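Here, each number is a calculation from the coordinates, and none is a lab measurement. This structure is a prediction, so every number in the text was calculated from the model and none was measured. Glycine gets a Cβ as well: all are built from the backbone with ideal geometry, and neighbour counts include every protein chain shown.
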Amino acid sequence: MFTGLFYALRREGVNVTITEWLALMEALRLGLAENSLTGFYYLARSVLVKSETRYDAFDRAFLRCFEGIETPPEITEQVLEWLEHALPPLKMDPGAKSPDLNWSLEELKKKLAERLAKQTGEHHGGSQWIGTGGTSPFGHSGYHPAGVRIGGEPVNRSAVKVAAQRAYRDFRTDETLHTRQFELALRKLRLLSTAVEGERDVLDLEATVEATGRNAGRLELVWTRGRKNNIKLIILMDSGGSMNPYQRLCSRLFNAANKSTHFRDLQFFYFHNCVYEVIFNDPFCLRRNSTGTYDFLRRFGPDYRLIIVGDASMGAGELLMPYGALDWGAENEEPGLVWLKRLAGHFEHSVWLNPIPKAHWGVVEGARTIGLIGEIFPMFELTLDGLNEAIKKLMVKK
């Protein structure tokens, strides 16, 4: 039953296993959904969703499956008149046997059509006909785990409306970063500050005792890296032009990063569309406030992590041709692609974060340059998921 929901969840990226699905079916058999669609919504979410970051995907799938289930449009005015005089909502006996659950949505619609053809008057308190206050799957003010509410007020809050609110959309990790997610993004950046580099010059007492015991009491010293903040990070960000729509986003994120104390050294530099013979010291990208790219490479050693932020979308000539830069003062005797390869070859750890959704990289106007740059730098979306993957890449040498 409800197999449509299973496949809808899969399409939305909620990785539901067969074991979890069978657990949900068993929970339904035990009546844990409390004979309501709302109960089923919360039960299914608790059994099938393993992280709050997938709550919004669950809501989208649930809404797609059950939207419009309350009152099909083909219900006639006559049927609604039957239901005007409703009985009080039915209180189910806790020991009562739950009605049959083995109806799909299509079967419900078929049964409704059949009963509309046979029923000639209103009905209340029963379990068969379209009515109120009973256990029939059609009507309102009653209870049935797979029913269609027709008219009236819901006994419980509509699960479809709960899903439609999408109250958990801010928990998503596959969307471009926005205000609420900046803090989470910075937590991901903190992963770079773990003790994974530097000299092993601190005695690890616990490991030494364990190693000495394994060595039959003969002393064996074990050294570890000190808890020092050795991570050095450079953020090189595209400024202006096609990046203007993302200006507020990037400004908030990296202004917050600038206040971070999680790095031994954190540097910000800028470029416009592509890197050439100079790199700019501020987002205005004026040559009077710039650093020669060769000087930049001499100043910052290969041990710095490099994060480049940009849409990688530009005219092909800007990337592939000498003198293709749009800056009138640029010498640009070598193509931008050559300079990007120099950056990638100099730094042992480098990634590119792209604010354009990955699904559009191959279809936007600058698809060709996105593809070429993606062959030089590991490219990720500027989302929490993308940032997480980028940080994992920064932790591993080429």
Amide H contacts of F269 (H built 1.01 Å from N, under 5 Å, at least 5 apart or other chain): I235, L236, M237
Taking E220, E20, E381 and counting other C-beta atoms within 10 Å, the order from fewest to most: E220, E20, E381
Sorting V275, V351 on the 10 Å Cβ count, fewest up front, what's the list? V351, V275
Given points 7 Å out from each Cα along the Cα-Cβ axis, report the A359 to R64 separation in nanometres with one decimal. 1.0
Which order results if L384, L22, L37, L32 are arranged by neighbouring Cβ count within 10 Å, fewest first? L22, L32, L384, L37
What is the list of residues in region 356-395 whose amide nitrogen lies under 17 Å from a point 7 angstrom out from the Cα of L320, following Cα to Cβ? 362-376
